[in-house]
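Worksheet: the structure to be examined is printed underneath.
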Amino acid sequence: MNTFGQKFRLTTYGESHGLAVGGIIDGCPPGMAIDFESVDADLSRRSSGAPRQEEDQVEWLSGIRDGISLGTPIAFSIHNHNARPDDYAPLEHLFRPGHADYTYQARYGVRDHRGGGRASARETVARVVAGAIAKQVITPVTIHAEVDSLGPEGDTRGGIVSCRIEGLKAGVGNPIFGKLSALLAQAMMSIPSAIGFEMGAGFAAAEMKGSEYVDRWNADGTTQTNHCGGVQGGISNGMPVEFRVAFHPVVTLPSEVECLSDEGTLVPTTIGGRHDNCQVMRAPVIVEAMAALTLADLLV
């Protein structure tokens, strides 16, 4: 499943330490002036503070002429200039704990051990490019995500990103299995390291009385509170759409760990390569991208 969306679709390609990563956007409306600076700005947000610094220069291959979308598939590529696949040579026959090494091998019978291949967060660079285009498609709807909280200091950290969507009219979303909340949950949980999702009051709602939780009306159709997160019955109600995404701590530890070998033995290993201590600081722009892709698919 390398394609996201039905009407506004993104297909991504590439491995962490391969030649390039990129994508194909299908369903972008024609005649739209593409703001390339906003694409570059979002890419800079994603790479800020990353141990692996890539140029992340987008090569636009099709679908845009003189800065205007043609309505045809927009193909783009981002070359991996700072790949170091040899760092992962010792892992060719080892499965790191907490990573997708073992599960990819179980699913496909083969895997790219170089930095996790497709399971690496490197793949999200294509999402950010497409998300920046999707943000332009859904204007005047705006999306803003930020770090809500961080886990305790330690060898590595996780945290929570909150997101707020404003300007979305009432009536967006499809019952019963196409709920806006469900589509957002799927989008967010596809992000590497995402471990939890909640709308509005989220899990705290389970501890509230109904009289505390219910969002009472104002005469103008807005609500006095927004415990539902702007979605009722799976459809937007015109209030801001609010949700949070939890990310588990980075599972590549700086200390020695036991890896499982493909021969069924435990091998003490110090993992090489370049890895975040905390990936959450760079996650907001990825959350925004997936939210924008979700909405563009519904609104295009």
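Name every residue in segment 15-27 that is within 20 Å of Thr139 (Cβ to Cβ) and crowded, with 19+ Cβ neighbours inside 10 Å, in order of residue number.
Ile25
Only residues that are among the β-branched types (Val, Ile, Thr) and either under 20 Å from Thr269 (Cα atoms) or in contact with a Pro (Cβ under 7 Å, 6 or more places away or on another chain) (or both): list them for segment 90-123, please.
Scanning segment 90-123 gives a single hit, Thr103.
Within segment 177-222, track down each residue that is surrounded by fewer than 16 Cβ atoms within 10 Å (Cβ to Cβ) and polar (S, T, N, Q).
Gln186, Ser190, Ser211, Asn218, Thr222
Every residue in segment 247-279 that is of a type in the set (A, V, I, L, M, F, W, C) and either surrounded by 20 or more Cβ atoms within 10 Å (Cβ to Cβ) or over 21 Å from Gly154 (Cβ atoms) (or both), please.
Correct list: Phe247, Val250, Cys259, Leu260, Leu266, Val267, Ile271, Cys278.
Going through Arg127, Arg107 one at a time, which residue ends up being surrounded by 20 or more Cβ atoms within 10 Å (Cβ to Cβ), at negative phi and modelled with pLDDT of 95 or more?
None of the other options fit; the residue is Arg127.
Can you give me the number of residues within segment 79-103 that are of a type in the set (Phe, Trp, Tyr) and without any contact (Cβ under 8 Å) to a residue 40 or more places away in the chain?
Within segment 79-103, residues that are of a type in the set (Phe, Trp, Tyr) and without any contact (Cβ under 8 Å) to a residue 40 or more places away in the chain number 0.
Please enumerate the residues belonging to segment 1-14 that are in a loop (DSSP other than H, G, I, E, B) and buried (at least 22 other Cβ atoms within 10 Å of the Cβ).
Residues satisfying the conditions are Phe8, Gly14.
Condition first: assigned to a strand (DSSP E or B), of a type outside the set (D, E, K, R), in contact (Cβ under 8 Å) with a residue 60 or more places away in the chain and closer than 24 Å to Leu295 by Cβ. Can you find one or more residues in segment 30-45 that meet it?
No: segment 30-45 contains no residue that is assigned to a strand (DSSP E or B), of a type outside the set (D, E, K, R), in contact (Cβ under 8 Å) with a residue 60 or more places away in the chain and closer than 24 Å to Leu295 by Cβ.
Checking Asp215 against (1) part of a helix (DSSP H, G or I); (2) in contact with a His (Cβ under 8 Å, 6 or more places away or on another chain), which single condition isn't satisfied?
It is condition (1) that Asp215 fails.
Tell me which residues, restricted to segment 175-212, are among the polar types (S, T, N, Q) and either assigned to a loop (DSSP other than H, G, I, E, B) or touching a Pro at 6+ places or on another chain (Cβ under 8 Å) (or both).
Ser190, Ser193
Say whether the condition of being in contact (Cβ under 8 Å) with a residue 12 or more places away in the chain, under 30 Å from Lys7 (Cβ atoms) and within 29 Å of the chain's Cα centre (by Cα) is met by at least one residue in segment 270-283.
So far as segment 270-283 goes, yes, one or more of its residues are in contact (Cβ under 8 Å) with a residue 12 or more places away in the chain, under 30 Å from Lys7 (Cβ atoms) and within 29 Å of the chain's Cα centre (by Cα).
Out of Leu94, Leu70, which single residue is among the aliphatic types (A, V, I, L, M) and more than 22 Å from Gly23 (Cβ to Cβ)?
Leu94
Give Pro85, Pro30, Pro51 a once-over and let me know the one that is exposed (fewer than 15 other Cβ atoms within 10 Å of the Cβ) and at pLDDT below 95.
When all the criteria are applied, what remains is Pro51.
Which ones in segment 65-120 are part of a helix (DSSP H, G or I) and in contact with a Leu (Cβ under 8 Å, 6 or more places away or on another chain)?
Scanning segment 65-120 gives Asp101, Tyr102.
Hey, can you tell me all the residues within segment 144-158 that are over 19 Å from Ala50 (Cα atoms) and either surrounded by 24 or more Cβ atoms within 10 Å (Cβ to Cβ) or in contact with a Ser or Thr (Cβ under 8 Å, 6 or more places away or on another chain) (or both)?
Within segment 144-158, Asp148 is the sole residue that qualifies.
Go through segment 24-48 and report how many residues are under 14 Å from Ala132 (Cβ atoms) and of a type outside the set (A, V, I, L, M).
Residues that pass the stated criteria total 11.
Can you name the number of the only condition in (1) within 25 Å of Val250 (Cβ to Cβ); (2) assigned to a loop (DSSP other than H, G, I, E, B); (3) touching a helix residue (DSSP H, G or I) at 6+ places or on another chain (Cβ under 6 Å); (4) not charged (D, E, K, R) that Val172 fails?
Failing condition for Val172: (1).
If you check Lys169, Lys209, Lys179, which single one turns out to be closer than 27 Å to Thr139 by Cα, over 22 Å from the mean Cα position of the chain (by Cα), basic (Lys, Arg) and at pLDDT 95 or above?
The match here is Lys169.
The values are calculated or read from the model by the stated rules, or taken from the named source; none is laboratory data. This one's a predicted model, so the numbers in the text were calculated from it and none came from an experiment. All Cβ positions, even for glycine, are placed from backbone atoms using ideal geometry, and neighbour counts span all protein chains on display.
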